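Worksheet for the structure shown next.
The values are calculated or read from the model by the stated rules, or taken from the named source; none is laboratory data. Just so we're clear, the structure is a prediction, and the values are computed from it rather than from any experiment. Glycine also receives a Cβ, built like all others from the backbone with ideal geometry; neighbour counts cover every protein chain displayed. Side chains are part of the model used for accessible areas, which takes the heavy atoms of the whole protein and leaves out ligands, DNA and RNA. Shrake-Rupley method; radii C 1.70, N 1.55, O 1.52, S 1.80 Å.
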Amino acid sequence: MEDKMGSECEGPEMSLVCLTDFQAHAREHLSKSTRDFIEGGADDSVTRDDNIAAFKRIRLRPRYLRDVSEVDTRTTIQGEEISAPICIAPTGFHCLVWPDGEMSTARAAQAAGICYITSTFASCSLEDIVIAAPEGLRWFQLYVHPDLQLNKQLIQRVESLGFKALVITLDAPVCGNRRHDIRNQLRRNLTLTDLQSPKKGNSIPYFQMTPISTSLCWNDLSWFQSITRLPIILKGILTKEDAELAVKHNVQGIIVSNHGGRQLDEVLASIDALTEVVAAVKGKIEVYLDGGVRTGNDVLKALALGARCIFLGRPILWGLAYKGEHGVKEVLNILTNEFHTSMALTGCRSVAEINRNLIQFSRL
């Protein structure tokens, strides 16, 4: 351990010691349009920024004189063990920042022993992603297309490829007003590999496939449940009313999310919405969170408020831009080590010991 730590502290590569260091590196090395695509929020980016700021309004209440010589970060999601409650959120077009794109992301997730949610808007084929990391825990995120047959084919395909859950994004019946992408006309330069018409076999431009169902309703969930055995997770819920409806419609999980502040601006920060969603489901289904997680303390706070695990979006792309698979591994490793430290310094020896008593909301 001492030798390993000594070698890691040497050389320019170890100048990146926290997630925001990777952000700074990405800002320096990515093109303006790619940087804007990753970093951009909707409208004035109020929610994007508040996702991070909201975590800083929460203070920790550590407990001491506990034996923390052994701290176990492991937990489970949908019955599958993960090495830490830190997983990878669905983000699109990883090839924008690294040639191997989602294949590198999948390999890093497999090596870390955590879950990777693959996006409908992946720039690598689902088959290539599975070949790259055959033993990895994968969920699939679906943007529901108006063509039901296309949805059905895609769901059956991911099920046959060994994906373990279907994550349906709810908060994008129309695309948010992302000013940077509009100015850069980025969509004209993007193509999709997997979201294609059943009658076509080639990749198609993203801007031709942006139609996402605007008519999707709660009652439509029964159709998805009828065509797949995969657990269904709903991504994008921010209110107790929708959380209660999720339980009523027998889904298996909720990701509390505001799409990284990229859809409707001026909604609640994810961590601020988490409390009411957790209270509404009454422990009947698992609740997860994405948006604004940048430190191990943030992970601890999310779990203290009832999240089963968190999902990382932008920081994964920063890691990918830095050094591909190895950069993603570094991001995951840094955050996991920070979380381990946060657990030890608050007196938590296992994830099960993290609870609401560890935090309080600051008046600042």
- Query: Quick check: anything in region 293-305 of a type in the set (Ser, Thr, Tyr), part of a loop (DSSP other than H, G, I, E, B) and surrounded by fewer than 24 Cβ atoms within 10 Å (Cβ to Cβ)?
  - Reply: yes
- Query: When you go through (1) more than 27 Å from SER69 (Cβ to Cβ); (2) within 18 Å of the chain's Cα centre (by Cα) one by one for TYR322, which number turns out not to apply?
  - Reply: (2)
- Of all residues in region 117-134, which are assigned to a helix (DSSP H, G or I) and open to solvent by 40 Å² or more (accessible area, probe 1.4 Å)? GLU127, ASP128, ILE131
- By residue number, the members of region 311-364 that are of a type in the set (A, V, I, L, M), surrounded by fewer than 23 Cβ atoms within 10 Å (Cβ to Cβ) and part of a loop (DSSP other than H, G, I, E, B) are LEU364
- Message: Which condition from (1) at pLDDT below 95; (2) over 26 Å from LYS323 (Cα atoms) is the one that ASP36 breaks?
- Response: (2)
